[in-house]
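Q: Before I ask anything, here is the structure I am working with.
The values are calculated or read from the model by the stated rules, or taken from the named source; none is laboratory data. None of the values given here were measured: they were computed from a predicted structure. Note: ideal-geometry Cβ built from the backbone for every residue, glycine included; neighbour counts use all protein chains shown. Heads up: the accessible areas ignore ligands, DNA and RNA and are worked out on the full protein's heavy atoms, side chains in. Shrake-Rupley method; radii C 1.70, N 1.55, O 1.52, S 1.80 Å.
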Amino acid sequence: MEIERKFLIKSLPENLENYPSSHLQQGYLSTGPVVRVRKDDDTYTLTYKGGGMMMREEYNLPLNKQSYEHLLAKADGNIITKRRYRIPFDERHTIELDIFEGRFEGLVLAEVEFETKEEAENFLPPDWFGEDVTYDRCYHNSFLSRLP
């Protein structure tokens with residue numbers, strides 16, 4: 001089960017280059033249910049996500065490069081590319097800060113994953129976070145992939 005909240009960003013944190021990051025590329029084979037292929041630097045994954053906004057089923061299966069490229073060629077719509085920074089927040093949470101590239105350049109989102117629904121609902125975001133867009137489907141990557 002994936003439990004996460006998603007936020008727009010008011011300002012980027014200082015010294016962003018000091019945090020670990022990777023380049024992500026992902027395509028969607030289906031958006032209902034979500035079936036996605038993702039390249040995270042040199043790691044390739046096929047993901048299934050069930051319905052839901054803050055809480056939903058998620059299953060990840062490893063792919064090799066050849067399988068990823070084969071499936072990516074079958075993806076519908078926009079291929080999403082972004083730089084993901086992993087910023088430690090506290091002893092249990094990491095902020096995943098996504099700076100989008102290409103078609104969605106200028107979009108910056110932060111996601112935080114949680115163990116329980118209660119933990120997610122009680123999360124107090126840092127000052128540099130903006131609007132909570134967890135329940136706004138317009139900020140889900142699967143929705144962005146379908147934009148004309």
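Q: May I ask you to list the residues of segment 1-34 whose amide nitrogen lies under 20 Å from a point 7 Å from Cα along the Cα→beta-carbon direction of residue 59?
A: Answer for segment 1-34: 1-4, 27-34.
Q: Here's something else I'd like to know. Got a sec to turn the phi values of segment 31-36 into Karplus ³J(HN,Hα) couplings, 6.51 cos²θ - 1.76 cosθ + 1.60 with θ = phi - 60°, whole Hz, x for Gly and Pro?
A: Values per residue, Gly and Pro as x: 10, x, x, 6, 10, 10 Hz.
Q: So which trypsin sites (Lys or Arg not before Pro) in segment 41-90 end up in coil per DSSP with only 16 or fewer other C-beta atoms within 10 Å?
A: On the way: sites: 49, 56, 65, 74, 82, 83, 84, 86; in loops: 74.
Answer by residue number: 74.
Q: Using DSSP to define loop residues, name the GluC sites (Glu not before Pro) in segment 81-116 whose beta-carbon has at most 11 other beta-carbon atoms within 10 Å.
A: Those satisfying the criteria are 91, 105, 115.
Q: Further question on the same structure: Beyond 21 Å between alpha-carbons counts as too far, so tell me which of 49/117; 39/82; 6/74; 6/65; 10/82 fall in that bin.
A: Cα-Cα > 21 Å for 6/74; 6/65; rest within.
Q: Within the accessible area of the chain, what % is carbon and sulfur when the probe is 1.4 Å and the other protein chains stay in place? Show your work: numbers first, answer last.
A: Values: 3940 of 8240 Å².
Percent of accessible area from carbon and sulfur atoms in the chain: 48.
Q: I've got another one for you. Using helices alone, I'd like the mean residue ellipticity at 222 nm for the chain: each DSSP H run of four-plus residues gives -39500 (n - 2.57), total over residue count, nearest 500. Working shown, then result.
A: Details: 3 runs with 18 residues, N = 148.
After summing the helix terms and dividing by residue count, I get -2500 deg cm²/dmol.
Q: Which trypsin sites (Lys or Arg not before Pro) in segment 114-148 pass both tests, a DSSP loop state and at most 16 other beta-carbon atoms within 10 Å? All intermediate terms of the calculation are to be shown ahead of the outcome.
A: Details: sites: 117, 137, 146; in loops: 146.
Passing sites in segment 114-148 are 146.
Q: List the residues, sorted by chain then number, that are 5 or more residues from residue 63 or on another chain and whose placed amide H is less than 5 Å from its amide H.
A: For residue 63, the qualifying residues are 44, 45, 46.
Q: Apply the a/c threshold of 1.5 to the C-alpha gyration tensor of the chain and tell me whether it is rounded, prolate or oblate.
A: Working: a/c = 1.58, a/b = 1.37, b/c = 1.16.
Prolate is the answer for the chain, as a/c is 1.5 or above and a/b outweighs b/c.
Q: Further, regarding this structure: Please tell me the relative contact order of the chain in percent, rounded to the nearest whole number, where contacts are Cα pairs under 8 Å and at least six residues apart. Before the final figure, lay out the partial values.
A: Details: 310 pairs, mean separation 47.2, N = 148.
About 32 percent, as a whole number.
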